[in-house]
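Comments concern the structure below.
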Amino acid sequence: MVRAARLASVAAALIGATWLILWLAGIAPRWSAGGVLTVKANMALGLLLAGLALLALAPPGLASRWRKPGLAAATIVLLLGTLTLSEHLFDLDLGIDELIATETPGAAGTTSPNRMGPPGSLSLLLLGLGLLLLPTRRASLAPSFGLAVCIINLLPAVGFLYGIDTFYQRPLTGIAWSTVIAMLLLGSGLAIARPDQGPLRQVFRDDMGGALLRRLLPLLILLPLALGFLKVQGEQRGHFDTVTGTGAYTILMVLGFAYVLFRTAASLSRTARARDASQIRFQTLFENMNEAFALHELICDEAGRPVDYRFLEMNAAFEKHTGLRRAHILGKTVREVLPGVDPAWIETYGAVALSGTPVSFDRHEPATGRHYHVHAYQAGPRQFACVFMDITALTEARRQLEAHARELDQQVEQRTRELRELAGQLETFSYSIAHDLRSPLRSMRNFAQLLEEDYGPTLDDTARDYLRRITRAAGRMDALITDVLAYSRATRSDAPLADVDLDRLVAGIIEGDPQFQERAGAIEIVRPLPAVSGNPALLTQVISNLMGNALKFVAAGREPRVTVRAEPHGDRVRVWVEDQGIGIPAAQRDKVFQLFQRLHTPNEYPGTGLGLATAKIAVERMGGKIGFESEPGAGTRFWFELGRAAGNPAGTEGG
């Protein structure tokens with residue numbers, strides 16, 4: 001409706017602007033002198049300003065930048081109408097009629113040159129008042145002013161339609177047909193600018209009364225006008241006399257209204273049948289739904305505080321869940337039905353009925369001994385509805401589940417303590433076994449060396465080969481025990497995280513391990529290395545294993561070359577250990593991090609197959625990831641990722 005009002009305002013403004021241009025161009029004065037009933041200059045200005053004001057003020061919630069210009073235009077419209085009407089009522093000449101343009105005295109339809117008639121000036125006055133009220137709290141009065149403008153201009157409209165000049169010419173009115181059209185547009189636009197307010201609000205309601213008005217009102221207005229026009233035209237052209245025209249007019253009016261009434265009755269019947277069918281479906285659903293439903297009326301004391309509520313309606317599920325019978329409680333208050341009811345529930349439901357804010361909650365009703373899930377909402381003025389379901393079985397099941405969960409938590413805690421104790425015992429056992437295994441291994445290796453040193457010259461080549469095999473096997477067994485213990489520590493020991501300076505850690509590894517000291521020249525550290533969040537012991541194990549492999553797996557006759565560097569990788573740090581060794585074939589890359597998986601024989605490259613598996617488990621225990629890139633014959637680039645240290649913001653890494 002607001003859009004229609006704005007369209008009407010644009011049309012009226014265009015009419016006013018057109019006539020204003022005609023006056024300024026000197027065309028309208030010539031028409032007026034020739035006997036044409038013209039839109040006066042002040043009226044043209046008033047129509048233009050009223051149209052612009054309605055265009056600006058019609059939308060609700062208007063921005064201030066349009067509100068002020070709209071109100072200013074409405075004020076000028078009100079002044080034009082008031083001053084001109086005062087000239088007519090009190091026989092005054094305020095000198096405002098020919099401010100814009102002059103008119104020949106004695107022009108058609110006016111008592112004074114270029115002065116608008118009384119209907120036009122009164123219409124502008126009413127339009128100005130209505131427009132000024134439109135953006136205020138009294139906006140409900142604005143449509144009434146618009147409707148009054150339409151009624152005032154209905155008489156000249158009928159005069160122009162039927163050719164009754166006394167309806168629109170001097171001395172009764174003196175108003176041009178363009179003015180009548182513009183006034184009807186502005187009046188109707190003002191009347192519908194607030195469709196939910198004013199005398200026409202019933203027309204726009206989405207109910208049966210509104211539908212009936214929207215169907216009948218156009219007919220009540222247009223049918224008499226159309227039939228009256230045909231009657232007048234027929235009589236004036238001599239097609240029939242007045243009596244015949246009146247009879248035909250009456251018959252057609254009766255038939256027209258009868259047709260519309262029958263159509264309306266049929267439409268109402270269809271609506272009633274649809275409503276009845278919907279009511280039956282609702283009643284069926286209402287009676288067969290599993291959730292209980294009850295409608296209540298709130299009862300308040302003289303101070304407006306909720307003190308009780310009355311049962312108005314309930315379904316079969318309500319009776320089933322509560323044990324209360326509809327016939328016994330309908331129309332009674334809750335205090336009558338349940339004298340021991342908790343007053344807190346009356347306050348809760350009262351707040352819903354008075355504020356309109358719905359609530360949902362679980363409650364236990366001592367009167368019935370049951371648990372319910374309740375949803376309450378406002379159903380009307382001082383009314384509330386409750387939809388609830390019996391959750392007694394669910395509540396009991398939840399209680400049992402919670403008790404079972406607590407029992408399981410206790411069992412898990414107990415099992416965890418037992419596992420920790422067992423892990424400690426296993427670690428102690430592992431070290432004990434390792435010590436017990438290493439003692440005979442050391443004896444075997446020492447005696448084999450003594451045997452070779454003391455009796456080597458007397459032994460043949462086969463015996464000396466056996467001794468060397470015994471020594472190498474003992475060494476491999478000792479390395480295997482060492483690596484198994486390292487893997488065990490990586491999987492079971494505590495690994496608290498802290499900020500670790502990689503520069504200092506890598507330097508310490510090289511200085512403290514003979515295998516790296518001897519080849520320190522082959523190791524390049526791209527500094528500065530950043531600080532990371534990790535465990536120093538586990539990081540030492542990881543970097544030692546990766547650098548050891550990088551130095552070990554090199555083709556015969558080629559000098560090893562190892563590079564250690566770091567780079568930012570999202571919110572983490574990626575550390576690279578790169579070599580120029582033999583690389584890893586594609587078919588064997590899935591086995592790299594598996595336990596005891598060796599890609600070469602001990603004679604080619606010594607090892608136990610546990611170094612990379614230990615590195616992987618250590619990195620994962622620090623919350624990181626590990627991987628590699630490799631090209632056979634060109635080398636391998638191992639990497640692992642860890643979180644940034646707390647004092648190592650993004651963008652400060654080395655590498």
Query raised in the report: Hey, what did region 1-98 get for relative contact order, percent, Cα under 8 Å, at least 6 apart?
Result: 29
Requested in this report: Could you pull out the trypsin sites (Lys or Arg not before Pro) across region 337-385 that fall in loop regions by DSSP (anything but H, G, I, E, B) with no more than 16 other Cβ atoms inside 10 Å?
Outcome: ARG382
Query raised in the report: How much of the accessible area of region 6-50, probe 1.4 Å, is carbon plus sulfur, in whole percent?
Result: 75
Query raised in the report: Averaged per residue, what accessible surface does region 357-405 expose to a 1.4 Å probe, in Å²?
Result: 59
Report task. With a ≥ b ≥ c taken as the square roots of the eigenvalues of the C-alpha gyration tensor of region 132-238, please select rounded if a/c is under 1.5 and otherwise prolate if a/b is larger than b/c or oblate if it is not? Result -> oblate
**Report entry** Dipole in debye (nearest 20) - the chain, about Cα centre, beta carbon charges: Lys, Arg +1; Asp, Glu -1
**Finding:** 2100
Requested in this report: Scan around GLY581 for amide H atoms under 5 Å from its own, H built in the peptide plane at 1.01 Å from N, and keep only partners 5 or more places away or cross-chain.
Outcome: GLY635, THR636
Report summary line: Between the Cα axis of helix 392-455 and the main Cα principal axis of the chain, the angle (0 to 90°, nearest 10) is 30
Report summary line: In nanometres, the difference between 0.36 nm per residue of separation and the alpha-carbon distance of ASP206 and LEU450 is 76.7 nm
Query raised in the report: In percent, how large is the relative contact order of region 218-314, given Cα pairs closer than 8 Å and 6 or more residues apart?
Result: 15
Query raised in the report: So what is the relative contact order for the chain, in percent, with contacts set as C-alpha pairs under 8 Å and at least six apart?
Result: 7
Requested in this report: For P(r) over Cα pairs in 20 Å bins from 0, in percent, several values are listed as [x] 13, 27, 26, 15, 13, 5, 1, 0; [y] 12, 21, 15, 18, 18, 12, 4, 1, 0; [z] 16, 45, 28, 10, 1, 0; flag the one computed from this structure.
Outcome: [y]
Report task. Take GLU559, GLU524, GLU87, GLU421 and sort them by solvent-accessible surface of the protein heavy atoms, 1.4 Å probe, largest at the top. Result -> GLU559, GLU421, GLU524, GLU87
Report summary line: For LYS625, counting only lysines whose alpha-carbon sits under 29 Å away and dropping same-chain residues fewer than eight positions off, the answer is LYS552, LYS591, LYS616
Query raised in the report: Do any GluC sites (Glu not before Pro) in region 284-388 lie in a loop, going by DSSP, with at most 13 other beta-carbon atoms within 10 Å of their beta carbon, and if so which?
Result: GLU302
Query raised in the report: So how far, in whole Å, is the C-alpha centre of region 127-142 from the one of region 199-263?
Result: 32
**Report entry** Rounded tilt (10° steps) of 343-355 against the dominant C-alpha axis of the chain
**Finding:** 60
Query raised in the report: ILE391's amide H: which non-local residues (gap 5+, or another chain) put their own amide H closer than 5 Å, with H modeled 1.01 Å from N in plane and none for Pro or chain starts?
Result: HIS371, TYR372, HIS373
Requested in this report: Quantify, in whole percent, the carbon and sulfur part of the accessible surface of region 503-577 (1.4 Å probe; protein heavy atoms only).
Outcome: 49
Report summary line: Between the modelled labels at ARG215 and ASP590 (7 Å from Cα along Cα→Cβ) the distance in nm is 7.7
**Report entry** region 62-154: chymotrypsin sites (Phe, Trp or Tyr not before Pro) in DSSP coil with no more than 12 other Cβ atoms inside 10 Å
**Finding:** none
Requested in this report: Rounded to whole Hz and in sequence order, give me ³J(HN,Hα) for region 519-524 from the Karplus expression 6.51 cos²θ - 1.76 cosθ + 1.60, θ = phi - 60°, writing x for Gly and Pro.
Outcome: 10, 4, x, 8, 10, 10
Query - Placed amide H near ILE299: partners under 5 Å, 5+ positions off or other chain - result: VAL307, ASP308, TYR309, ARG310
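The values are calculated or read from the model by the stated rules, or taken from the named source; none is laboratory data. The structure presented is a predicted model; accordingly, all values stated were derived computationally and were not measured. Here the Cβ is made from the backbone with ideal geometry for all residues, glycine too, and neighbour counts use every protein chain on show. Side chains included, ligands, DNA and RNA excluded: accessible areas come from the protein's heavy atoms. Shrake-Rupley method; radii C 1.70, N 1.55, O 1.52, S 1.80 Å.
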